[in-house]
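**Student:** One structure, pasted below without further comment.
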Amino acid sequence: MDRNELAGYLDALLECGRFRDYCPNGLQVEGRGEIRRVVCGVTASLDLLEAALAADADAVLVHHGWFWRGEDGRVTGIRRARLKLLLENDISLFAYHLPLDAHAEFGNNAQLGRLMGWTAQGRFAEQEVAFLGCAEGTAGEIAERLALKLGRRPLLAGDAARKVKRIAWCSGGAQGYFEQAIAAGADLYVSGEISEQTVHLARESGVPYLAAGHHATERYGVQALGAHLAGRFGVDCRYVELDNPA
């Protein structure tokens, strides 16, 4: 598949133009023109790039790419090592941040909801990246189900016995949307990370908070997107899981 054709298709599919993001979305590093094999992963770390090189990949597709707003722009040290590997081996890097969180079918939140059996009924938060829907059980029971599905035990802040009918979720580092989830009528909010003040908010509001892991909640969007590309274009797409406890 032609590299630019793939970039155009992904940009349109994920509606990149409608998002105000913290990084550029789409083709971040240009490699060879023909793409036959893509390695997919959560983050464009050196480990993932080395796995792509070992797999003889033409491109890497990730959720967390490079060139974040406010980041030191000098190409030295770790940044140099990563970029050098791609450029010397003519490998492209595609990255989709908020567009891959928000997509109704291939997005991280859509895929997390599908994995957990949560029925999405609406959106909230900035640029409507967070989901609101239905679930059954107590907060503690949902925490146990998350542990089984994600392979890691989430941290529960607040009342484990709280009955949940309306659930809100947003993958990754979206704990900042907790108050908006409460205002939207959620009985439980699930995201990836937790800070000290989040515990107090959960206790004082009566709405429990589940921190299920930034990496753990954002593994599924890029896998679904890779499977879609493989089915539509016949491109060899391989997901590489690199454990991250955060």
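Every number here is computed from the coordinates shown, using simple stated rules; none is lab data. All of these numbers come straight from a predicted model, not from anything done at the bench. Cβ sites come from the backbone with ideal geometry, for glycine too, and all protein chains shown count toward neighbours.
**Student:** Give the aspartates and glutamates reachable from Lys84 as a straight Cα distance under 13 Å; neighbours fewer than 8 places away on the same chain don't count.
**Tutor:** Straight-line reach from Lys84, under 13 Å: Glu30, Glu50.
**Student:** Evaluate the charge dipole of segment 9-81 about its Cα centre and quote only its size in Debye, nearest 20, assuming +1 on the Cβ of each Lys and Arg and -1 on the Cβ of each Asp and Glu.
**Tutor:** 180
**Student:** OK, next. Among Ala120, Ala186, Gly176, whose Cα lies farthest out toward the positive end of the dipole of segment 97-246, if unit charges sit on the beta carbon of Lys, Arg (+1) and Asp, Glu (-1)?
**Tutor:** Toward the positive end, the furthest listed residue is Ala120.
**Student:** According to a simple spin-label model (label point 7 Å from Cα along Cα-to-Cβ), what is the distance in nm between Asn4 and Ala55?
**Tutor:** Output for this residue pair reads 2.7 nm.
**Student:** Same structure again: According to the square roots a ≥ b ≥ c of the eigenvalues of the Cα gyration tensor, what is the shape class of segment 3-102, taking rounded for a/c under 1.5, prolate for a/b larger than b/c otherwise, and oblate for the remainder? Present the calculation step by step, with values, prior to reporting the outcome.
**Tutor:** On the way: a/c = 1.82, a/b = 1.14, b/c = 1.60.
Note, shape of segment 3-102 comes out oblate.
**Student:** Angle, helix 77-88 long axis vs. longest principal axis of the chain, Cα atoms, 0 to 90°, nearest 10?
**Tutor:** Tilt of helix 77-88: around 50 degrees.
**Student:** Follow-up. Give, as ranges by residue number, the residues of segment 30-49 whose backbone N falls under 16 Å from the point 7 Å along Cα→Cβ of Ala81.
**Tutor:** Of the residues in segment 30-49, 44-49 have backbone N under 16 Å from the label point off Ala81.
**Student:** By how many nm would the segment from His228 to Ala120 lengthen if fully extended, with 0.36 nm per residue of separation less the alpha-carbon distance? List each step's numbers first, then the result.
**Tutor:** Working: separation 108, 0.36 × 108 = 38.88 nm, distance 2.12 nm.
Additional length available on full extension: 36.8 nm.
**Student:** Alpha carbon centre of segment 144-212 versus segment 1-72: separation in Å?
**Tutor:** Each part reduced to its Cα centre gives a spacing of 30 Å.
**Student:** What residue among Leu83, Leu201, Ala7 has its Cα farthest toward the positive end of the dipole of the chain, where the charges are +1 on Lys, Arg and -1 on Asp, Glu, each on the Cβ?
**Tutor:** Leu201
**Student:** At Asp72 and Leu155, where each label point lies 7 Å from the Cα along Cα→Cβ, what is the point-to-point distance in nanometres?
**Tutor:** 2.7
**Student:** Students often check this: by mean Cβ neighbours within 10 Å, which of 137-147, 100-110, 77-87 ranks highest, and how do the rest follow? Walk me through the intermediate numbers first.
**Tutor:** Numbers: 137-147: 18.5, 100-110: 22.9, 77-87: 14.0.
Those peptides, ordered most packed to least, come out 100-110, 137-147, 77-87.
**Student:** May I ask you to compute the full-extension gain from Asp243 to Arg36, defined as 0.36 nm times their residue separation minus their alpha-carbon distance, rounded to one decimal in nm? Numbers along the way, then the final one.
**Tutor:** Working: separation 207, 0.36 × 207 = 74.52 nm, distance 2.61 nm.
Length gained, Asp243 through Arg36: 71.9 nm.
**Student:** For the chain, give me the percentage of DSSP beta bridges that are antiparallel, rounded to the nearest 5 percent. Write out the running numbers ahead of the final one.
**Tutor:** Numbers: 17 of 36 bridges.
Restricted to the chain, the bridges split so that about 45 percent are antiparallel.
**Student:** Follow-up. Using alpha carbons only, how many degrees (0 to 90, rounded to 10) separate the axis of helix 220-233 from the longest principal axis of the chain?
**Tutor:** 40
**Student:** Count the DSSP beta bridges whose two residues both fall in segment 3-102, then state the antiparallel fraction as a percent rounded to the nearest 5.
**Tutor:** Numbers: 3 of 12 bridges.
Counting DSSP beta bridges with both partners in segment 3-102, the antiparallel share is about 25 percent.
**Student:** Straight-line reach from Lys165: which aspartates and glutamates have a Cα under 13 Å away, not including same-chain ones fewer than 8 places off?
**Tutor:** Cα-Cα hits under 13 Å: Glu136, Glu141, Asp187.
**Student:** Let me ask you something else. Note the full-extension length gain between Arg18 and Cys134 as 0.36 nm times their separation in residues minus their Cα-Cα distance, in nm to one decimal. All intermediate terms of the calculation are to be shown ahead of the outcome.
**Tutor:** On the way: separation 116, 0.36 × 116 = 41.76 nm, distance 2.74 nm.
Length gained, Arg18 through Cys134: 39.0 nm.
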